[in-house]
1. Would you kindly derive the ³J(HN,Hα) couplings of segment 5-11 from the backbone phi angles with the Karplus curve 6.51 cos²θ - 1.76 cosθ + 1.60 (θ = phi - 60°), listing them in order in whole Hz, with x for Gly and Pro?
2. Report the residues of segment 203-217 in range of a label on Glu14: point 7 Å along Cα→C-beta, backbone N strictly under 17 Å from it.
3. Hey, can you grab everything whose amide H is under 5 Å from the amide H of Gly219? Only 5+ residues off in sequence or another chain; H modelled, so Pro and N-termini drop out.
4. Could you go through segment 112-123 in sequence order and give the Karplus-derived ³J(HN,Hα) for each residue, using 6.51 cos²θ - 1.76 cosθ + 1.60 with θ = phi - 60°, rounded to whole Hz, and x for Gly and Pro?
5. Gln6 to Ala224: FRET efficiency via 1/(1 + (r/R0)^6), r the Cβ-Cβ distance, R0 22 Å, to the nearest 0.05?
6. Residues with amide H under 5 Å of Val150's amide H, sequence separation 5 or more or different chain, H placed in the peptide plane at 1.01 Å from N; which?
7. Ignoring solvent entirely, what values of log10 I(q)/I(0) come out of the Debye formula for segment 131-204 at 0.13, 0.16, 0.20 Å⁻¹ when each Cα is a single scatterer?
8. Between Arg110 and Val210, what length in nm is gained on full extension when 0.36 nm per residue of separation is reduced by their alpha carbon distance?
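Derivation of every value follows stated rules applied to the coordinates shown; laboratory data play no part. Here the structure is a predicted model, which means the values were calculated and not measured. As a convention, Cβ positions derive from the backbone with ideal geometry for all residues, glycine included, and neighbour counts pool all protein chains shown.
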Amino acid sequence: MIFDFQDPSEIAPERLRTGLLALQELVPWSYSAKCEEALDFCADRMGRYLDVDIESTFSDPEVQNSVRACAYTVPLARKVIDRLSLLYKRDPKRRLIVRGDSTRDESAGRLYHEIAFQGGLSDALRSAHRMANLLGLSFVQVGASGSRIVFDVLSGKDVLLSPPADGRVSSIEDYDALVLPKPYTVDGARVYAFWSARFHFLFDENGRIVDDFGDPELGNPLGAIPLIRLDREGSGELYPLPPESLVRA
């Protein structure tokens, strides 16, 4: 376990800094590179990949140009992913589940649907499903913007997760902690959000806590990591590679 904090007093700068480095080293370079390639193919940014393939396959410059023109006008990867990711057009009916029990309380049900509607839950799940089909893995993070609940879609390369000892996962509960890079710095140092079932705070790349959200005990009021995992193959791998046949269709 990289992060096994049991008490706030254990959350020291050196442990945060070394833990962050350990998580970053867990992400295979090949995984990040393949994800970037898949995203480029799906967005029709294929030139730097296809030119190498075309030039190594065809020696005649005229043939190369012909193949290159066809490849650039037929974005097959995106079409395949779009076809695989056809989901519901109308939002499905959903039930509120509280600690494993279904509830038919009308007020709770209305609150849930209001949260899902305002936060764009269905749109987030559609996007996450599409990304999972493309990359093999995606996440939906639950957060807040003012008084609204929001849902953000993240790729597997966008998050750092502390894995269980056996390295296999079936749900978010199997992870020890989530470390999420934030798009800003404090005093020139990159900021990260730390989530575990017990703790939540912001810290920088040097291990310094920069925001405890008003709680000196660094408690997580949710009692869980606010993340949903979508695994295309259901393999439970920490970093499943994007399906090559879909990317280079």
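1. Values, residue by residue: 4, 10, 8, x, 5, 7, 7 Hz.
2. Once the point is set 7 Å along Cα→Cβ of Glu14, 206-209 turn out to lie under 17 Å by backbone N, inside segment 203-217.
3. Amide H neighbours of Gly219: His200.
4. 4, 5, 5, 5, 5, 6, 5, x, x, 4, 4, 5
5. Numbers: r = 17 Å, r/R0 = 0.78.
In this case the efficiency is close to 0.80.
6. So Val150 has HN proximity to Gly143, Ala144, Ser145.
7. Computed log10 I(q)/I(0) values: -0.46, -0.69, -1.04.
8. Details: separation 100, 0.36 × 100 = 36.00 nm, distance 3.68 nm.
In short, 32.3 nm is gained.
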